[in-house]
Amino acid sequence: MNRLTLPPSSRLRSKEFTFGVATSSYQIEGGIDSRLPCNWDTFCEQPNTIIDNTNGAIACDHINRWQDDIELIANLGVDAYRFSIAWGRVINLDGSLNNEGVTFYKNILTKLREKNLKAYITLYHWDLPQHLEDAGGWLNRDTAYKFRDYVNLITQALDDDVFCYTTLNEPFCSAYLGYEIGVHAPGIKDLASGRKAAHHLLLAHGLAMQVLRKNCPNSLSGIVLNMSPCYAGSNAQADIDAAKRADDLLFQWYAQPLLTGCYPDAINSLPDNAKPPICEGDMALISQPLDYLGLNYYTRAVFFADGNGGFTEQVPEGVELTDMGWEVYPQGLTDLLIDLNQRYTLPPLLITENGAAMVDELVNGEVNDIARINYFQTHLQAVHNAIEQGVDVRGYFAWSLMDNFEWALGYSKRFGITYVDYQTQKRTLKASGHAFAEFVSSRS
C-alpha cells in the first residue's frame, strides 16, 4: 500500500479533526552555542550513553533552517505543528528572559501564522538546563517552581500566538528512564529517585497549569503522556497480576494522579523510602482540569511474572517489528483509548505522537518506506475504531516531521516522514510523507 485510506464517514476525514506533525527542540535544533548547556549535553559526553557517540550539538540544524522546515510543513497541508521550546534557550542563568532565544520562537510563531498553521508548543521535552540538574534536577522540589517561573515568563513573551500548550512531554521518560533505570539523562539508577522525580514533574505540571490559566486563557492547556497497554504474557494469574502491577507503576502512575488526584494502589507496595514525597495540596494541584490529554503511542507491552513479585517485559516471537525492535500492534492503540475512556472521566484526547522507526534507504533521491505507510494506515484505522466506540479523539500528530537525534540511540534510528542527510542537511520527503500529505488534503 502506498496510500492512506479511511471510510468517508470517519471523523478523521473531517477538517474538524486536527492533523499535524511533531518534533522536539533537542532532537532537531542544534545551536548549542546559543543556549545554556542542558542535561542531555552532559549525558552525551559521558561514555557508553549514546549508541553512536553522537549528540544534539547540530542535530538537524533547525536553528538555521527553520524557515525551510516550516515551508516543508506547510506543503504537507497539515493543520498544526507540535514543537518544543528549549528552556535553556529562552531563560538566562539568572532566571531572566534570553531575548535572542525568545525572538527565535516568536519568529517561528509568526511564520506558522502566515502559513495558517496552529502552534502546539511543548514547554518541557526532557532538556533540563544543566545548572538546575546540578542543583538536584527533578529530585529537587524547587525545580518544579523554577519550571513555573520559566513558564510564566515565556508565555507572557509569546502572547496569544499559541493555539495549544503542553506542560510536559512524557514525564515517564524523564523520571523512569532518567532517574530510575538510568538509560536517559541524567543517568541515575535508583527506585526512590525515579518516584521522587516523577512526583516533582507532576507538581511542575500543576504549577504550570495555574500559570497557563492566568496568562493564556485563550489557549488550550494540558499534558502529554506516553502509554502502552499492558497485556499478560499468558493466562496464568501470576502473569495477569504482573501486567497489572506494571501498568500501575509505569503508566497509570502518571495518568491516575492527573485524572483522579491519587496514585495507584501499587504505591503501597513500594518501600517507604521510595514512596513519592507528597506534601499537603500536591495532589489537588496535580489533578487540575485539563483542556486535553495528549497520548503518545508506539507499541504494546507484554509482561510475565519474574518470580519475585515483580514483572519482566518480553516481545512476542514471530511478530512484525520496527527498527526499534518494537512490535507493530495497532490494536493496542484502540485498546488503550477504550480502556482509558472506561477507567477515567477524560478530557478530549489528542494522539500527539505516533510513528515508526524503519530502515530507510535513499535510492535515486527517493525513500520508498512502504512499511511506515502501512504503520500509519493501521494506526489511523485504530484511532477510527476507538472513535466509533465512543472515545473523543480530536487530533493526530505524526512522529516525526523529520529524522533526528533519537536520544540514547543517536542518529541510528529514523522516525521521520522526511529523510535527513546529516552530512548535507538536505531534506527529502519520503513516500510516507507524500502519502500523509495526500490523505490530509483529501479531507472534506
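Restricting attention to the range 138-164, the residues being closer than 30 Å to residue 50 by Cα and in contact with a strand residue (DSSP E or B) (Cβ under 7 Å, 6 or more places away or on another chain) number 1.
Could we say that residue 366 is surrounded by fewer than 22 Cβ atoms within 10 Å (Cβ to Cβ) and either on the phi > 0 side of the Ramachandran plot or of a type outside the set (S, T, N, Q) (or both) here? So residue 366 passes the test. Return yes when residue 116 is among the polar types (S, T, N, Q) and assigned to a helix (DSSP H, G or I) and no when it is not. Taking the combined requirement at face value, the residue does not satisfy it. Residue 68 is checked against (1) in a helix (DSSP H, G or I); (2) closer than 24 Å to residue 225 by Cβ; (3) open to solvent by 10 Å² or more (accessible area, probe 1.4 Å) and fails just one. What number does that condition carry? Failing condition for residue 68: (2).
Of a type in the set (A, V, I, L, M) and surrounded by fewer than 21 Cβ atoms within 10 Å (Cβ to Cβ): does that describe residue 73? No: the conditions fail for residue 73.
A count restricted to the range 380-412 and to residues that are open to solvent by less than 40 Å² (accessible area, probe 1.4 Å) and either assigned to a loop (DSSP other than H, G, I, E, B) or touching a Cys at 6+ places or on another chain (Cβ under 8 Å) (or both) stands at 9. Pairs meeting the criteria (first residue in the range 43-65 and among the basic types (Lys, Arg), second residue part of a loop (DSSP other than H, G, I, E, B) and open to solvent by less than 30 Å² (accessible area, probe 1.4 Å), beta carbons under 7 Å, at least 6 apart or on different chains) are 65/425.
One line per residue, one yes/no per condition, for (1) within 21 Å of the chain's Cα centre (by Cα); (2) modelled with pLDDT of 95 or more:
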{"residue": "270", "(1), (2)": "no, yes"}
{"residue": "284", "(1), (2)": "no, yes"}
{"residue": "299", "(1), (2)": "yes, yes"}
{"residue": "308", "(1), (2)": "no, no"}
{"residue": "317", "(1), (2)": "no, yes"}
{"residue": "320", "(1), (2)": "no, yes"}
{"residue": "349", "(1), (2)": "yes, yes"}
{"residue": "352", "(1), (2)": "yes, yes"}
{"residue": "368", "(1), (2)": "no, yes"}
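Looking across the range 350-379 at every residue that is assigned to a strand (DSSP E or B) and touching a residue at least 60 places away in the same chain (Cβ under 8 Å), the one that is nearest to residue 15 (Cα to Cα) is identified as 350. When the range 244-266 is examined, which residues are found to be buried (at least 18 other Cβ atoms within 10 Å of the Cβ) and of a type in the set (Val, Ile, Thr)? None; the set is empty. In summary, residue 347 fulfils each of the numbered conditions (1) open to solvent by 30 Å² or more (accessible area, probe 1.4 Å); (2) part of a loop (DSSP other than H, G, I, E, B) with the single exception of condition (1).
Quick check, is residue 239 of a type in the set (D, E, K, R), over 26 Å from residue 220 (Cβ atoms), surrounded by fewer than 22 Cβ atoms within 10 Å (Cβ to Cβ) and over 21 Å from the mean Cα position of the chain (by Cα)?
yes
Has the range 38-59 got any residue that is buried (at least 22 other Cβ atoms within 10 Å of the Cβ) and over 26 Å from residue 297 (Cβ atoms)? Looking through the range 38-59, at least one residue is buried (at least 22 other Cβ atoms within 10 Å of the Cβ) and over 26 Å from residue 297 (Cβ atoms). Scanning the range 153-167 for residues that are part of a helix (DSSP H, G or I) and open to solvent by less than 50 Å² (accessible area, probe 1.4 Å) turns up 154, 155, 157, 158. Per the listing 15, 106, the residue uniquely outside any loop (DSSP other than H, G, I, E, B), surrounded by fewer than 20 Cβ atoms within 10 Å (Cβ to Cβ) and touching a residue at least 12 places away in the same chain (Cβ under 8 Å) is 106.
The values are calculated or read from the model by the stated rules, or taken from the named source; none is laboratory data. Note that the structure is predicted; figures quoted are calculated from it, not measured. Reconstructed Cβ throughout: ideal geometry from the backbone, glycine too, with neighbour counts over all protein chains shown. Surface areas here come from the heavy atoms of the whole protein model, side chains and all, with no ligands, DNA or RNA. Shrake-Rupley method; radii C 1.70, N 1.55, O 1.52, S 1.80 Å.
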